[in-house]
Structures are given as structure tokens and as C-alpha cells.
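Reviewing the structure listed below.
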Amino acid sequence: MSTSGERHAADHAPSHPAESASPTSAVEVREGLRAAGYLPAAETALVCHLALALGKPILVEGPAGVGKTELANALARMTARELIRLQCYEGLDEAKALYEWNYRKQLLRIQAEREPGWREVEGDIFTEEYLLARPLLRAIASEQPVVLLIDEIDKTDQEFEAMLLELLSDFQISIPELGRVAARTTPLVLLTSNNSRELTEALKRRCLYLWLDYPSPEHELAIIRMHTPDLDEQIARRLVEIVALVRTLDVKKPPSIAESIDWARTLLLLGASAIDRDVLTSTLSVIVKHRADLAVVGERLGLSGARPGDDDGRQAA
Ligand SMILES: Nc1ncnc2c1ncn2[C@@H]1O[C@H](COP(=O)(O)OP(=O)(O)O)[C@@H](O)[C@H]1O
Ligand SMILES: [Mg+2]
């Protein structure tokens, strides 16, 4: 870890190996992400390129299941960097995100002292040895540049966001008992949000913005083919068409890429030779996960006779 006193220690370290060198164009980023198993839209590749070149965090917003988290994973694979992930949740605080003192260990240390001289013990128990580094501190202190994923930031409160702002603008953390911990290397930071609340303007100002939406049919087809290369192309095309159609309906939860991939895997597993009425009826729940939605979709696709809960077995024409 680099505290203020020794934070230049890494200045003379050799530069990073060539294979983890930053790509120098959006096209290179696109190719790099593809090689890492992620098919980015043109805008995604561009924003990632800018983030790497400018050292700015990316705020990725969009509905669930469109590849926000996976983008961070793929960027880590592409740059051969460690991924440090902070999963956000309601009530997440600094002790779980930044650092906390290892009280138990401190207590043991105090008890182990035969004649406790507080001054010596105090100087001792507020050192790195007694510190529990949480994801944000680990990302800052890492000697090698990392990819830091702050996932689902919209689940935290504004107070937490404010704390994060400081970190994102200065790339340093102050620990009162220990001093300033400054980043030696700039982490590539991705924040994701499902849009459950509006994030502050202050946060947005510090980040590049990327809106990830449901992909175009061609793009989704390519993603499906990448995840399930053995699935028949005609079936994959039909799958993408149906999923796109379902997204246009008035449903509570439109199917995401995650559901499309699950459906492709299901069809492959079942050895389906086409998406016919029977296959559709028996596998619809892989992409539609609300009872009310099943009814809406079933009706639109002409499956109303097979609606779950309908037990008269009536077949629609
Ligand atoms: N552009 C893409 N290329 C390859 N796979 C993708 C792409 N977008 C999404 N996926 C896949 O879709 C699934 C859901 O992605 P995920 O990152 O978990 O979504 P989110 O974090 O937005 O909820 C994952 O299995 C991921 O691999
Ligand atoms: Mg996610």
C-alpha cells in the first residue's frame, strides 16, 4: 500500500508489459473487447477508449441484463488487469467500501501487552497490519493498475455518492490515523446504474457517460452466436426476432440479453430444430418472467390456449 511518505516508490518501477499496454484507438478497443468475449457497440468501444486515454471513470446506465457488469469484466480481461468489484446495496457504508480497523486484532494486541503502555500500543495498532482494506482502498493502493467496478451505484444513498466523488476526483483516501493513501496507478473505473434513482450532477460531471440499451437485432444476433455458436443460425435469427417483438409489448420486464442467451442455451439443450408453437409454449418462461407478462406475450404470439393457469387445454388457431 502506498501512504503519503513512500508514495513515489513506484515511480521507478518498469512500465507495464506490452500485452497490457492501452489500446490506442476505438477500433483497437473494439477488437480487444471482442477477443475478450464481449461484442461492443461502436459507441461503447469509443467511450472505453476515451476512458482509458483520459483516465476518466465511465458511468454506465441502462436496463438490467444489457451487459453493464460484463463490460467491466471484459475490460479487465482485455487489459490483463485485476478486476476489483464493489457491489453496492442499500446501507453500504465506508467501513465496507473503503477500510475499517481490525478491532479484534487490535484488542488481542492490547491484551498481549504485559505492561500496557498506551503510547507504544497506540502507535502499533493503527498501522497497516491492523487495517482491513475494502475494495475502494484496495483499488487505490494496488501497485498494478486495476479495473474498479462500482456496481449498481444507484442502490446506495447520496451520502455514499459524495464520498465516492472525492475519491474519483483525487484518487486518494485519507485515513486519519495513518495519513493519505494516494493512487500510484490510475484505475479504470466503471460505475453502473439501473436507473432506480437519478444520480447527482456532480457525479455525472466527473464521468464519461454510456447509455447501454437493448441491442439492435443484428447486434443481438452476433452476441447470441458468440455465446452459443452451435445453435442453428435460423433458430438464432428467429429467437432474436421474437425477443425484439416481446420488447415492444407492454410488459413489466422486457427480456434482456441475459434472457436471450438463456433462451438460446435452452433451445440448444433441448435440441430444438425450430421455434415452433410447442417449443415456444414450453420455453416462453425463460424470457418472460411475470405471470401477467406471460399472458400478454402468449396472446400476441397466438399461444393464448397454452397460457399458464389455463387448464382447459384449448389450442388457439
Ligand atoms: N455486448 C455483449 N457481448 C457479449 N455478451 C454480452 C453483451 N452484452 C451482454 N452480454 C451478456 O449478457 C448477460 C448479461 O449481462 P450483464 O453484464 O450481467 O448485464 P447488466 O450488468 O447490465 O445487468 C451476460 O451473460 C453477458 O455476458
Ligand atoms: Mg449487472
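The values are calculated or read from the model by the stated rules, or taken from the named source; none is laboratory data. In this text the structure is predicted, and so the values were computed from the model without any measurement. Here Cβ is always computed from backbone atoms with ideal geometry, including for glycine, and neighbour counts include all displayed protein chains.
Quick notes
- Of all residues in the stretch 55-71, those that are within 24 Å of residue 184 (Cα to Cα) and not assigned by TED's automatic domain parsing to the domain that holds residue 288 have Cβ atoms under 6 Å from Cβ atoms of residues that are more than 6 Å from ligand 1 (Cβ to nearest atom) and small (Gly, Ala, Ser), 6 or more apart or on another chain, in 58/51.
- Some residue of the stretch 105-124 being modelled with pLDDT under 95, crowded, with 20+ Cβ neighbours inside 10 Å and within 26 Å of residue 179 (Cα to Cα): no
- Of all positions in the stretch 47-66, at least one carries a residue that is out of contact with any His (no Cβ under 7 Å at 6 or more places or on another chain), at pLDDT 95 or above, β-branched (Val, Ile, Thr) and within 20 Å of residue 225 (Cα to Cα).
Here is a yes/no grid of residues against (1) surrounded by 14 or more Cβ atoms within 10 Å (Cβ to Cβ); (2) among the aliphatic types (A, V, I, L, M); (3) free of Cβ contacts under 8 Å to residues at least 40 places away in the same chain:
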residue	(1), (2), (3)
221	yes, yes, yes
226	no, yes, no
229	no, no, yes
234	no, no, no
253	yes, no, no
268	yes, yes, no
271	no, no, yes
274	no, yes, no
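- Unmet criterion (only one of (1) closer than 20 Å to residue 60 by Cβ; (2) assigned to a loop (DSSP other than H, G, I, E, B); (3) touching a helix residue (DSSP H, G or I) at 6+ places or on another chain (Cβ under 6 Å)) for residue 184: (1)
- Criterion applied to 158, 172 was being out of contact with any strand residue (DSSP E or B) (no Cβ under 6 Å at 6 or more places or on another chain), more than 16 Å from ligand 1 (Cβ to nearest atom) and either at pLDDT 95 or above or not hydrophobic (A, V, I, L, M, F, W, C) (or both), and the one residue passing it is 158.
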